[in-house]
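Novice: Below is the structure I would like to discuss, written out as structure tokens.
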């Protein structure tokens, strides 16, 4: 192959690289044209330099794709890249496939925490993505004047993006549900298969979210959308069942379908179905997982269990209804135990991606200039365990840190004065902050308080015989929301 042929292939591949770098075309059609169709006329033009058309095509394709990858990697590792000054591991700088691989292990949160421990409060975790572990980055990224969502693909958001208006409709006297009995508690099992499919779908989405451009291609694989179709059909069935049964109380569906007639345009059935499924995904499994974390920590720390048991007994003696939500909200140790669980294991354990929009000229986040087109996030797991904001014992379950006292007692029994306690409540963001924070925060906290009070009033909880509590923590997986592959078997004995 002569020099002119190499220049033609090299120039064409460089032009394609520049198109992807500047415009980031997504979808099957542009990818097919730029990566599959374009090399064909080049191979035909250079046919005379090869023994056969097959040799020409294979050589041109190999050189064309190899050069595109070479240009891409060279630029991403070069000092000319806008994020060249931000430290991070080389595999992360090259491609998001590295982080995607970490997702499959379920331990992405631990990996990013290790990166912050190694590189500092700002780490480059992708070719164009930064992770922040500093309190002063929270408001610029997530606050009311923060940044819009990044391109991270979340399958329920592809159905509907304006679920956040529901926040204004929620109070403690309304029920966030379809008023449909799924029968899980009665049967003691996931009889519809919802959570099995949900867990698989969430893991799939967590992997794909690191390269969302691949979604259109993966959808072509037979059976790849089976979990999504299952959830869509389940949502449709619940909506139709709720419509047939009518409104018996002001539940979640009551507001979704505008049964009060307050909206000028009625929401469509498709929008109602997608919003309802989002509520199930965001509000059921996450709350149950957070409760399980709390029970794990209480069983691991008998002193904490005893103090909480004492507070529950003082506020709700035997025979008294423990469902006084206003009283629960004022129980200091109860709320301290919940806050400490949410601090160590927030429901969305690795944070929420945002993006500095193109055309904005970039944004200063604390002392770091972030160029336009960059994705950013606050890594909640690392932030909540940072000794700059939570000390002493940032990795230890110690609810006392949330109490107001003059002197504290460490788990070791040693006293410590209040002026040596660091508790930065502005760095505590288990439900995120800003206009896109968790719509069900109030309901989730209400549910956790109510369940804890009801169970501790009536039962004594113990670790089941032969159970290793450590298996619960070992089984915690980060796949956008926290997923637990282990089991937490507990023995309940009536008091």
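The values are calculated or read from the model by the stated rules, or taken from the named source; none is laboratory data. In this text, all values refer to a predicted model and were calculated from it rather than measured experimentally. Cβ: placed from backbone, ideal geometry, glycine included. Neighbour counts: every protein chain shown.
Novice: Hey, can you tell me all the residues within region 113-133 that are touching a helix residue (DSSP H, G or I) at 6+ places or on another chain (Cβ under 7 Å) and either assigned to a loop (DSSP other than H, G, I, E, B) or closer than 22 Å to residue 73 by Cα (or both)?
Specialist: Hits for region 113-133 are 123, 124, 125, 126, 127, 131, 133.
Novice: Okay, next question. Do we find that residue 99 is buried (at least 17 other Cβ atoms within 10 Å of the Cβ), in contact (Cβ under 8 Å) with a residue 60 or more places away in the chain, in contact with a strand residue (DSSP E or B) (Cβ under 9 Å, 6 or more places away or on another chain) and assigned to a helix (DSSP H, G or I) in this structure?
Specialist: It is true that residue 99 is buried (at least 17 other Cβ atoms within 10 Å of the Cβ), in contact (Cβ under 8 Å) with a residue 60 or more places away in the chain, in contact with a strand residue (DSSP E or B) (Cβ under 9 Å, 6 or more places away or on another chain) and assigned to a helix (DSSP H, G or I).
Novice: Of the numbered conditions (1) within 22 Å of residue 126 (Cβ to Cβ); (2) in contact with a helix residue (DSSP H, G or I) (Cβ under 7 Å, 6 or more places away or on another chain), residue 61 fails exactly one; give the number of that condition.
Specialist: Condition (1) is where residue 61 drops out.
Table: residues versus (1) surrounded by 14 or more Cβ atoms within 10 Å (Cβ to Cβ); (2) over 33 Å from the mean Cα position of the chain (by Cα).
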{"site": "13", "(1), (2)": "yes, yes"}
{"site": "33", "(1), (2)": "no, yes"}
{"site": "43", "(1), (2)": "yes, yes"}
{"site": "63", "(1), (2)": "yes, yes"}
{"site": "92", "(1), (2)": "yes, no"}
{"site": "107", "(1), (2)": "yes, no"}
{"site": "112", "(1), (2)": "yes, no"}
{"site": "115", "(1), (2)": "yes, no"}
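Novice: Answer yes or no as to whether residue 361 is under 30 Å from residue 212 (Cα atoms) and free of Cβ contacts under 8 Å to residues at least 24 places away in the same chain.
Specialist: Against the criterion (under 30 Å from residue 212 (Cα atoms) and free of Cβ contacts under 8 Å to residues at least 24 places away in the same chain), residue 361 qualifies.
Novice: Among the helices (runs of 4 or more DSSP H) lying completely within region 297-395, list those that include at least 3 residues that are modelled with pLDDT of 95 or more, crowded, with 17+ Cβ neighbours inside 10 Å and more than 22 Å from the chain's Cα centre (by Cα).
Specialist: By residue number, 302-315, 332-344.
Novice: Another one. Name the residue that is surrounded by the fewest Cβ atoms within 10 Å (Cβ to Cβ), counting only residues in region 146-169 that are out of contact with any helix residue (DSSP H, G or I) (no Cβ under 8 Å at 6 or more places or on another chain) and at pLDDT 50 or above.
Specialist: In this case the residue turns out to be 148.
Novice: Filter region 420-450 down to residues that are outside any loop (DSSP other than H, G, I, E, B), more than 28 Å from residue 316 (Cα to Cα) and either at pLDDT below 95 or touching a helix residue (DSSP H, G or I) at 6+ places or on another chain (Cβ under 7 Å) (or both), then give me how many there are.
Specialist: Number of matching residues: 3.
Novice: Taking helices (runs of 4 or more DSSP H) that fall entirely within region 200-277, which contain at least 3 residues that are within 25 Å of residue 443 (Cα to Cα) and at pLDDT 70 or above?
Specialist: Helices (runs of 4 or more DSSP H) meeting the threshold: 226-245.
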